[in-house]
Structures are given as C-alpha cells and as structure tokens.
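*Asks:* Got a structure for you, written out below as structure tokens; questions coming shortly.
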Amino acid sequence: MNPNSKKTMTYNQVFEELKNKNEGAFIPFVVAGDPDFETSIEIVKKFVENGADALEIGFPFSDPVADGPSVQTADIRALGSGMTTEKCFQFIERIREFTQIPIGLLVYYNLIYKKGIETFYKRASEAGVTGILAADLPPEEAGSAVEMADKYGVNQIFMVAQTTRNERIDEIAKLGSGFLYVVAVMGVTGARSDIQTSTVDLITRVKDRTDLPIAVGFGISKPEHVRDVIKSGSNGAIVASAIINIITDNLDNKDKALEEIGNFCSELKQSTKI
Amino acid sequence: MLEDGKFGKYGGIFVPELIIPALEELEEAFYKYKDDPEFNEELKFYLKEFAGRPTNLYFAENLSKKLGCRVYLKREDMLHTGAHKINNTLGQGLLAKYMGKTRLIAETGAGQHGIATAVIGALFSLPTEVYMGSEDVERQKMNVFRMELSGGKVIPVETGSKTLKDAVNEAFRDWITNVEDTHYLIGSTMGPHPYPTMVKHFQSVIGEEARRQIMEKEGKLPDAVIACVGGGSNAMGIFAGFMNDDKVELIGVEGGGDGTETPRTGATLCKGTEGILHGSLSFVLQNQDGQISEAHSVSAGLDYPGVGPEHAHLKVTGRANYVAVTNKEALRGFELLSKYEGIIPALESSHAVAYAEKYASMEENKGKTIIINLSGRGDKDMFIVAKEMGVEV
Ligand SMILES: Cc1ncc(COP(=O)(O)O)c(C=O)c1O
C-alpha cells in the first residue's frame, strides 16, 4: 500500500466539497511521459498549482482508437521517450509525493490485459491511483476489471455517450463508481470550437438518471466550454487536447509551455466557479 | 447485444461506448436479414451476375504430378476485382443498403478490399471512403487509381506505422464520428462482434461450394484444406464448409516475412500472444507491455499484427493448424503455380501454394487430396514480384 493512501482524497469527497462551494471540478489531462518523464511531472505540478481538483493521466498506447490527432501525437512522444507501463506507475508515485487529489487513469484495455488484470489493478492501487477508465472496455467485457477494481479499492470508471440509450446509462451507472465520464461529442478526442446543445441535453439526461457525479470530456477546450458544462449540471470538466496542443506547439521551449499551461489552467479553474 | 460474440474465450466487443449502439444495430440487422429470403435472393443474384460465382474447383493436373498429391484449386482469383474480398463487400454492402445507411467506409492494406468496397459503392450508389496507410498508398499506386476510377475516395493515413493497422484505427475514428449514417465495411473476420461472425457468414459460400464440388469430382472429402491467413476471411470462408468433417485437416498459412524467428514477420498465430486489438481478444504481435508491433510480409494482405478471433479458437482447440511461410518460400509458390499451371496467384495465396508443396513433400502425405484456396490473382503484385526477382518491367 502507498504510505500516503490514507490521506488521498476520494472522488466523492472532492465533488461534495466543490458542490458546497458552488464549483465544478477542473480535471486536466496529460499523457504520462509526454514529452518526457520529468517535463510531464512538471506539467502535473502546474496543474495542481493552478487549481486542478483531480487529475486524468493517460498511459500511452500504440493504437488509441478513441483519440484524435492531439492525444495520438502525445502517445507517440511518450512511447518515444521510453515510457513503459511500469514507468507510468512510477509516474503516478511521483505525483503522489506532492498531491493527494484523485488520480484517474485513461488507458486502453490491452495494457491491462497484457500485464494480467489483477497485477495491473494491484500495482495501480499501490501507486496511488483512484480510478481507472479503459476507453475500449464497455460494461459487457468489464466483469474481471470491476472485480479487481473492487478488490484493490480502485474506482472503475465508464463512459456514456450521446448514442447511449437510457436503460444502458442505468446499467453503466450501476456498474461504475467514482464518476461517470460523459463524452461531450460524437467523435474522438480533440479540441472543438463550440459546445453543442446535444451535449447539454446529454448532461441533463444523465443527471436525471443517476446520483453518481459526472464529468464531461472530449472537446472541452476553452474556459467558456468549462462554464457551459458546469452550468448545465456537470460536476466536472476534463480538458485534454487543448493542453496537449500547448505542449506540441512549444516543444523547443519548455518554460514557455509550462507558463502557458499554468495560465490556461488557472483560467479554466476560474470558469468552474458559477 | 444479442450475443457476446465469443469463440471460446476469444472475440468480444472491446470498443469505445460511442460505437456500441451501432454494433447493436448492425448485429440486429445481420441476424434479421441473413435468413431473409428476399435479401438472400438479391445477394445471390449479385454474387452470380456481378461477381461471377460459383467459382471453379480446378484440378491442377501438372502441379499434382509434380507434388505427388491430388491438388485442387478453389478459384476465387476468377472473381470480379480478382479476390474473394468481393463476397464480403457484396454481403455487407447490401446489408448497409437494407439498413438505410448512406455512406460506406473501409480500411485497406494492399487495396484489394478497398477496390472490392469501391466497386460495390458504385454498384449500390453509396459514396465510399477508403482509409489506407500512406506507406501503402505509395506502394500500391495502381490500386489507388483503381479505387478512384470506381468513385471511391482514398484517404491516406499518416499516423502510427502508416500501414493497415493504422488505417483500421482511422476508419474506427471516422465511424465513431459518423456512426449514424455510415456503415464501416470491415474487410476480414476481425474486429468486434458481429464482424467476425458476419464476415465468415458472407465468405462461407467458398466452403459450401468447395465441399459440394469436391464430392462431385472425387466422390469423397479432401484430406486437407489449405488457405492463407491475414485477418482470416478467405481461410474461414473455406474452412466453414469442412468444419464438421473431423477428418479434413484445416491448415492456415501465415505470412512469415523474413522468418518467425526474426522480428520482421506477420505470423500472428504462430508468433503472437493473446491480446486485444481492433475490438476483439485474439492473438496479437505485441511487446511485453501490450504495445502493438508492426507486422512484415512481402504480401500486403498478410501484413497485419492481429488475426480474427475464431482462428485463435481453432488454434487452441486444435481443430486447425497454423503454419508460417517466409517471403522467399511464398515467391517460390508464386513461380511454381505460374509455371506449372499458367495461373498467376496473388502473393497472399502464394503462401498457401508454398505450404502445399511442403505438405506434399512429407512422406505421410503422399497421394493425398488437397484443396488450396486460391484467394486472389497476382495482377496486383506484378511490380513487387518483378522487383523481388530483380526484373525490370
Ligand atoms: C488475395 C488475398 N488473399 C488473402 C488476403 C488476406 O485476407 P484474409 O485473411 O482476410 O483472407 C487478402 C487481403 O488483402 C487478399 O487480397
């Protein structure tokens, strides 16, 4: 067990606390090891210093089918910098040295399967992981994962999308824990210009059917988007591609990247206060 | 979903939530129409009139003498567009039409499946976009042109290794985005349920015909059926006809590349380990963390780090055997059939021919009756083979 695990916060604690303050959770995302191990640790520090309420950490995968070009590029950079699954867990351990906010993993299921499902969840729990979402693991296939998540005290997080029928939302909400990841757009990850009304409709539809907190992700790339989804009833907003784009645009100037990420995060956090 | 799509432990639906409703819709439509008389009447019509079924089961007399076995060739190479792929694209294309889909997308490696999709797009008036790795676009310019002539739009994929697996990723991303009006026409017995079952269904016409034909010609079943395995559709199609005939040996031949002991190989079942790629649990070429490796084979159709899940099941249960043939051996198979029979096989099918020679050379197999599934013709491979042979054309 992680020596700090007693102190780590649960998703419930975080969402409850924020609700009492009339705030939503700001949840930034980075791929572990993008563009390299130490720089991405510094990026996570910037997240935390600038108001992140929880973290989403991607484990890089060679074939990320649910991701658009921004995250794909980040995955390739991270793998190129020598990241392995074990190094990704060490990355989580490093984060736990400076923050106790919830850490969610975003992975593809083959990374879990290949390590051995139990081995993966045990190691994740030891490293201080709060929740695990496998982008290509629908409830139909998630029996063993949920079992191991329960055994090792990790939340299994699932996605719901605009195409998800109501009865299915109910099933997913029953199976999942921590929060429900609401996919904002019909599509893959990537920065977008607007929040669609269909996203707002989905938030309302999901909120009506479950008490589980929800966080909206995919395409959330501006402070206005964050404000819109929080105002529509989401408990949190997950921002990925827009942050990765800052890394991509400043590969030759690390300090500038970190500064921009810090400023951007601070703006995004402000927008969760409604 | 109505079924879990498992073959033993393999298969399943390992896809992002956004696609699930589309898979449910597809599964429901497939189960509804696969036994629908009107649908089947129409499919039969196109298979006969457009594609050219039934294909012959040809007794290869010269090759038989040379090898000391009775060798039959199932002539899928005679089909329109030059390979078995059209059996599946006609089936799925018609299904997409019955479902009211207005757009087709597909992935392609060498271009065979892309062409077979583009032509049925033209036939059924469905706009068709084909994802193809930019490396493959470069290597297979002629096929890109053929697709475009039939009105298909070829989209070069610049991500990852820029080959077939990346084209599949990109087609999935397109489908995730346009799931409501688009049918993703997967080209082999791979992907999430219901694809492996559905593609097998549309390809099993090969095995049904072959079984009937060999009974007519030989009055008995063959001793062995040999087919090449990329994603596994031509093999599954012919195996399907003999699955319950326990005495018939089923042999799948993978693209060994430079050799299964080297990293440059496409032999997923021989060399891979269990893993999840493109929606199903099967065998995969991957590293110890589960990162997918690049496959290598002289034949673009066998150049894929995954394989259909039912083949994984047939392998572990022992119902079928899987072997690998190197690039060099495949080229020998290519020359052998061209020279002895005047039939120029696709490089993929040449792997099956090459293994048939090995099989026939074993003492215990002397005089046996074998069927080689000649999945495609070699026209598309002229430039590659000439280059390998050091000939300028
Ligand atoms: C002629 C031919 N044979 C075989 C294959 C391999 O595919 P499968 O294993 O699905 O039959 C291909 C794929 O492009 C092909 O063109």
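The values are calculated or read from the model by the stated rules, or taken from the named source; none is laboratory data. Computed from a predicted model, the values in this text were never measured in an experiment. Every residue, glycine as well, gets a Cβ built from its backbone with ideal geometry; the counts of neighbours run over all protein chains shown.
*Asks:* Looking at this structure, is B:ILE120 surrounded by 21 or more Cβ atoms within 10 Å (Cβ to Cβ), on the phi < 0 side of the Ramachandran plot and within 15 Å of the ligand (Cβ to nearest atom)?
*Replies:* Details: surrounded by 21 or more Cβ atoms within 10 Å (Cβ to Cβ): yes; on the phi < 0 side of the Ramachandran plot: yes; within 15 Å of the ligand (Cβ to nearest atom): no.
For B:ILE120, the condition - surrounded by 21 or more Cβ atoms within 10 Å (Cβ to Cβ), on the phi < 0 side of the Ramachandran plot and within 15 Å of the ligand (Cβ to nearest atom) - is not met.
*Asks:* Pick out the one residue from B:LYS217, B:LYS200 that is touching a residue at least 60 places away in the same chain (Cβ under 8 Å) and surrounded by fewer than 19 Cβ atoms within 10 Å (Cβ to Cβ).
*Replies:* Only one candidate qualifies: B:LYS217.
*Asks:* Specify the residue that is surrounded by the most Cβ atoms within 10 Å (Cβ to Cβ); the eligible residues are those in segment B:76-103 that are within 12 Å of the ligand (Cβ to nearest atom) and among the charged types (D, E, K, R).
*Replies:* That would be B:GLU76.
*Asks:* How many of the residues in segment B:144-166 are buried (at least 24 other Cβ atoms within 10 Å of the Cβ) and under 23 Å from B:GLU388 (Cα atoms)?
*Replies:* 1
*Asks:* Among the residues of segment B:281-294, is there at least one that is touching a residue at least 24 places away in the same chain (Cβ under 8 Å), more than 19 Å from A:ILE112 (Cβ to Cβ) and within 14 Å of the ligand (Cβ to nearest atom)?
*Replies:* No; the residues of segment B:281-294 include none that is touching a residue at least 24 places away in the same chain (Cβ under 8 Å), more than 19 Å from A:ILE112 (Cβ to Cβ) and within 14 Å of the ligand (Cβ to nearest atom).
*Asks:* Still on this structure: Out of curiosity, is A:LYS174 part of a helix (DSSP H, G or I), closer than 23 Å to A:LEU105 by Cα and touching a strand residue (DSSP E or B) at 6+ places or on another chain (Cβ under 6 Å)?
*Replies:* So A:LYS174 does not fit the description; no.
*Asks:* Pairs needed: first member in segment B:91-111, in a loop (DSSP other than H, G, I, E, B); second member anywhere, of a type in the set (Lys, Arg); C-beta distance under 8 Å; at least 6 residues apart or different chains.
*Replies:* What qualifies is B:ALA110/B:LYS380; B:GLY111/B:ARG146; B:GLY111/B:LYS380.
*Asks:* I'd like to check something: does segment B:198-212 contain any residue that is farther than 29 Å from B:MET99 by Cβ and either modelled with pLDDT under 95 or more than 20 Å from the chain's Cα centre (by Cα) (or both)?
*Replies:* yes
*Asks:* Looking at A:LEU212, is it more than 29 Å from A:LEU258 (Cα to Cα) and assigned to a loop (DSSP other than H, G, I, E, B)? Don't jump to the end; show me each part of the working.
*Replies:* Numbers: more than 29 Å from A:LEU258 (Cα to Cα): yes; assigned to a loop (DSSP other than H, G, I, E, B): yes.
Taking the combined requirement at face value, the residue satisfies it.
*Asks:* Looking only at segment B:258-274, which residues are of a type in the set (Gly, Ala, Ser) and more than 20 Å from the chain's Cα centre (by Cα)? Give the steps one after another, and end with the answer.
*Replies:* So the first thing to find is which residues in segment B:258-274 are of a type in the set (Gly, Ala, Ser), and the list is B:259, B:266-267, B:272.
Hit for segment B:258-274 is B:GLY259, nothing else.
*Asks:* Whether any residue in segment B:114-133 is touching a Lys or Arg at 6+ places or on another chain (Cβ under 7 Å), assigned to a helix (DSSP H, G or I) and farther than 15 Å from B:LYS380 by Cβ is what I want to check.
*Replies:* no
*Asks:* Of all residues being part of a helix (DSSP H, G or I) and within 19 Å of A:TYR109 (Cβ to Cβ) in segment A:56-73, which is farthest from the other protein chains (Cβ to nearest Cβ)? Just the residue, please.
*Replies:* Only one residue tops the list, namely A:VAL71.
*Asks:* Can you tell me which condition B:GLY376 does not meet? The list is (1) more than 30 Å from B:ALA51 (Cα to Cα); (2) touching a Gly at 6+ places or on another chain (Cβ under 6 Å), and all the others hold.
*Replies:* (1)
*Asks:* Okay, moving on. Output the residue which, of all residues in segment A:106-135 that are within 14 Å of another protein chain (Cβ to nearest Cβ) and under 18 Å from A:GLY178 (Cα atoms), is surrounded by the fewest Cβ atoms within 10 Å (Cβ to Cβ).
*Replies:* Ranking the qualifying residues of segment A:106-135, first place goes to A:LEU133.
*Asks:* On to the next question. Which count do you get for residues in segment B:5-55 that are closer than 30 Å to A:GLY68 by Cβ and either touching a residue at least 24 places away in the same chain (Cβ under 8 Å) or of a type in the set (Ser, Thr, Tyr) (or both)?
*Replies:* 19
*Asks:* Answer yes if at least one residue in segment B:278-296 is crowded, with 22+ Cβ neighbours inside 10 Å and away from chain A (no Cβ under 14 Å), and no otherwise.
*Replies:* The answer is no; no qualifying residue exists.
*Asks:* Next question, about the same structure. Quick one: in segment B:316-343, which of the residues that are without any contact (Cβ under 8 Å) to a residue 60 or more places away in the chain and surrounded by fewer than 19 Cβ atoms within 10 Å (Cβ to Cβ) is nearest to the ligand (Cβ to nearest atom)?
*Replies:* Among those that are without any contact (Cβ under 8 Å) to a residue 60 or more places away in the chain and surrounded by fewer than 19 Cβ atoms within 10 Å (Cβ to Cβ), it is B:SER338.
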